[in-house]
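For reference, the structure discussed in these notes is given below.
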Amino acid sequence: MKRRGGIASQWLLKVVAGGGRGGYAGDTARKVSFEAPRKFTTVFKSHLKETFFPDDPFYDFKGKSLPVKAKKAIQYFVPIFQWLPNYKAKLFLYDLLAGITIASLAIPQGISYAKLANIPPVIDSSFVPPLIYAVFGSSKYLAVGTVASSSLIIAATISTKVNPTENPQLYLNLVFTATLISGLIELVLGVFRLGILVDFLSHSTITGFMGGTALIICLHQLKGIFGLKHFTPHTDVISVIRAIFQNRKEIIWESTLIGAIFLIFLQLARFVKQKKPKLFWVSAIAPMFVVIIGCVLAYVWHAEKHGIAIVGELKKGINPPSLKNIDFDRKYIAAPLQAGFITALVALAEGIAIGRSFAILQNEQIDGNKEMIAFGLMNIVGSLTSCYLTTGPFSKTAVNYNAGCKTQMANVVMSLCMMLTLLFLAPLFSYTPLVALSAIIMSAMLGLIEYDKAYHLYKTDKFDFIICMAAFLGVAFVSMDVGLMLSVGLALVRALLYIARPTSSKLCNIPDTSLYRDVEQYPDATDVSKTVIVQIGSPIYFANAGYMRERVLRCVRDEKANRLQGDDVEYVLLDLGGVSSIDMTGVETLVEIRKTLEAKYIKVVLVNPRLEVMEKLIVTNFIEKIGKERVFLSIEDAIEGCKFSLSHERYL
């Protein structure tokens, strides 16, 4: 039988080489490309482009003159030169309204989140960074500002090295240092187009992390709601609850009552916006309304005499330079490094995801790498002008979008409003009661615990749900960095499992068609006589090569056991259309599969190997060993070729 098969194969190869018209296989094999492999430099350039430039950002540069290319390069790297020359006066009316609206939200949020970060109550971070983003940012709708999650990460991390109460100046210096480090990381990721690192923060991880962070922030705000003077520096749920019970005698009922009223009012404002989206402005101005009412009550009622703490002195003036505050002392640098790295990834993932979400609503796209550069520059400049970490908060961006903003000019308007506030109105907010700020933060955080998304993950993908809950529970009951690392670790384990145990399936024929599909998905599909078709759906690497070998051999073994007598397996078709690449271990695995099966008088046939795979198989002489007559473009062609070979074997 082996001798007869060899004669048939030699005869078939002659038909192919001669280009004869009498053989179907000859016509088919002639269509398969066996061109010489590309040069290493060509392949390397191709891989480099796909890794770092998958969006082909310089496509519009092709065929253009040098002056046009220079103009487009400036517009690409500094987006303001792209949209500002075409800016029209009628657009400014929309951006003016949106900018004023988000400025009214930025004032209470800025004071509140500064309090959360354990730094003096300032609104400076909504002045300089928005100007930088307007120049370098690519999203029309993103509104720049501080966020609760990054504020808490900075506070939780740096507080382990320096107590903000005992040494507030050193603590503030380290906050600026962490902001600078975060900005540098963001800038480097953007310049070298390493956004792939941010992709490791999956949607499930972000959902769980934000939910866990929102929970512990809400619990921490109970200190302000209850008017407690002593509290825990730890961020886990158990420590916070224990601190509340231990200090329950300090609870001030007046503060609790006012906090509850403010919180109910803010939640009602959010409810109005959800039910009537056109009334978004109700939710937008609600925090400012709470601050104004709180200031009036605190001033008239002399809140401090009743135990209700207020913000205290707020100085006039725009952001002073803070270069001298940057501190790289080896004794403390570990905390800013840790805070900077974590906040860089979280801020990028959150800001880019939010920017993309609102861009999609208008069928637009934003460049993630441009956003990284913009975030990096605004945090670097911000750290040198008395600002701490900023990104694109969801609440402010949603208000900006609903207010009808058209371009990045809305951020410029907000920045100018904040400048006027810093110059003339800042002292008016010194009477803001801390209970009002706690209510504003708590109301904002309640919207970040996305129960619906978690339930959706549970119903659709249990592993994604586990990743989400790992982040949520890790953040809530241990710490933010542990929760984040635990969730990312599980996501990486899942990715490694996909690599080490890739998908493969046995294909059968859909009756009355020329289609071949997975038999598990289509149980009515029928086997092909004397042939087993195995589809491999991933790259073949050292990590999964052994599994793929066992999977193919097991499939053949099962088929031989289940087939009727007279329908022995004589051909194994490996559909390689889904194999994007293969390494040397993978090639050796194919060699082993071929040797093992041919020892059982079963021939291996390859179907539709892709360019990179074909090049590797040619270079390693695998194609020469298996024979070009065993390579086909499609499953249908391969089956016809096998039938042709079998008929001539019987003839011979």
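The values are calculated or read from the model by the stated rules, or taken from the named source; none is laboratory data. What you see is a predicted model, and the numbers here were worked out from it, not measured in a lab. Methodologically, a virtual Cβ is constructed for each residue, glycine included, from the backbone with ideal geometry; neighbour enumeration extends over all protein chains shown.
At a glance:
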| item | result |
| --- | --- |
| Helices (runs of 4 or more DSSP H) (entirely within region 427-526) containing at least 3 residues that are aromatic (Phe, Trp, Tyr) | 451-460, 462-477 |
| ALA29 at pLDDT below 85, closer than 17 Å to ALA134 by Cβ and not β-branched (Val, Ile, Thr) | no |
| Hits in region 504-547 - residues which are in contact (Cβ under 8 Å) with a residue 60 or more places away in the chain and either touching a Phe, Trp or Tyr at 6+ places or on another chain (Cβ under 9 Å) or not assigned by TED's automatic domain parsing to the domain that holds VAL572 (or both) | LEU507, VAL528, LYS530, THR531, ILE533 |
| The one condition in (1) in contact with an Asp or Glu (Cβ under 7 Å, 6 or more places away or on another chain); (2) at pLDDT below 90; (3) not β-branched (Val, Ile, Thr) that GLN535 fails to fulfil | (2) |
| Hey, SER580 under 40 Å from the mean Cα position of the chain (by Cα) and exposed (fewer than 15 other Cβ atoms within 10 Å of the Cβ) or not | yes |
| Qualifying helices (runs of 4 or more DSSP H) (wholly inside region 230-309; at least 1 residues being within 30 Å of VAL482 (Cβ to Cβ) and not assigned by TED's automatic domain parsing to the domain that holds GLY110) | none |
| Which listed residue, of LEU323, LEU389, is at pLDDT 90 or above and under 24 Å from LEU434 (Cβ atoms) | LEU389 |
| Test: residue in region 393-400 that is closer than 19 Å to SER125 by Cβ, of a type in the set (Phe, Trp, Tyr), within 21 Å of the chain's Cα centre (by Cα) and surrounded by fewer than 24 Cβ atoms within 10 Å (Cβ to Cβ) | yes |
| LYS45 of a type outside the set (S, T, N, Q), surrounded by 14 or more Cβ atoms within 10 Å (Cβ to Cβ) and free of Cβ contacts under 8 Å to residues at least 40 places away in the same chain | no |
| Test: residue in region 316-339 that is among the β-branched types (Val, Ile, Thr), surrounded by 14 or more Cβ atoms within 10 Å (Cβ to Cβ) and in contact with a strand residue (DSSP E or B) (Cβ under 8 Å, 6 or more places away or on another chain) | no |
| Residue in region 81-96 that is closer than 27 Å to PRO427 by Cβ, touching a residue at least 40 places away in the same chain (Cβ under 8 Å) and crowded, with 24+ Cβ neighbours inside 10 Å present | no |
| Selected residue (only one of TYR516, TYR541, TYR571 is surrounded by fewer than 21 Cβ atoms within 10 Å (Cβ to Cβ) and of a type in the set (Phe, Trp, Tyr)) | TYR541 |
| Which numbered condition ALA155 misses (of (1) in contact (Cβ under 8 Å) with a residue 60 or more places away in the chain; (2) part of a helix (DSSP H, G or I)) | (1) |
| Residues located in region 197-221, provided they are aliphatic (A, V, I, L, M), in a helix (DSSP H, G or I) and in contact (Cβ under 8 Å) with a residue 60 or more places away in the chain | LEU197, VAL198, ILE206, MET210, ALA214, LEU215, ILE216, ILE217 |
| Unmet requirement for SER283, which otherwise passes all of (1) of a type in the set (S, T, N, Q); (2) surrounded by fewer than 21 Cβ atoms within 10 Å (Cβ to Cβ); (3) farther than 30 Å from THR165 by Cα | (2) |
| Single unsatisfied condition, GLY376 versus (1) within 19 Å of the chain's Cα centre (by Cα); (2) surrounded by fewer than 24 Cβ atoms within 10 Å (Cβ to Cβ) | (2) |
| Qualifying residue in region 322-341 (condition: touching a residue at least 40 places away in the same chain (Cβ under 8 Å), within 29 Å of LYS406 (Cβ to Cβ) and either out of contact with any His (no Cβ under 8 Å at 6 or more places or on another chain) or not assigned by TED's automatic domain parsing to the domain that holds LEU116 (or both)) | no |
| Test: residue in region 116-131 that is closer than 30 Å to LEU314 by Cβ, without any contact (Cβ under 8 Å) to a residue 60 or more places away in the chain and either part of a helix (DSSP H, G or I) or under 29 Å from the mean Cα position of the chain (by Cα) (or both) | yes |
| Check on SER150, under 30 Å from PHE52 (Cβ atoms), assigned to a loop (DSSP other than H, G, I, E, B) and either in contact (Cβ under 8 Å) with a residue 24 or more places away in the chain or under 22 Å from the mean Cα position of the chain (by Cα) (or both) | no |
| Neighbours by Cβ (under 9 Å, 6+ apart or cross-chain): first from region 605-622, closer than 13 Å to GLY586 by Cα; second at pLDDT below 95 and aromatic (Phe, Trp, Tyr) | MET614/PHE34; LYS616/PHE622 |
| Pairs where the first residue, in region 414-438, is in contact (Cβ under 8 Å) with a residue 12 or more places away in the chain and the second is polar (S, T, N, Q), C-beta under 6 Å, 6+ apart | MET418/SER126; VAL435/SER255; LEU437/SER112; SER438/GLN221 |
| Residues (of a type in the set (A, V, I, L, M, F, W, C) and more than 19 Å from ASN402 (Cα to Cα)) located in region 74-106 | ILE74, PHE77, VAL78, ILE80, PHE81, TRP83, LEU84, ALA89 |
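Residue-by-condition table, conditions (1) closer than 18 Å to PRO609 by Cα; (2) buried (at least 18 other Cβ atoms within 10 Å of the Cβ):
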position	(1), (2)
GLN521	no, no
ILE533	yes, yes
GLY537	yes, no
MET548	yes, yes
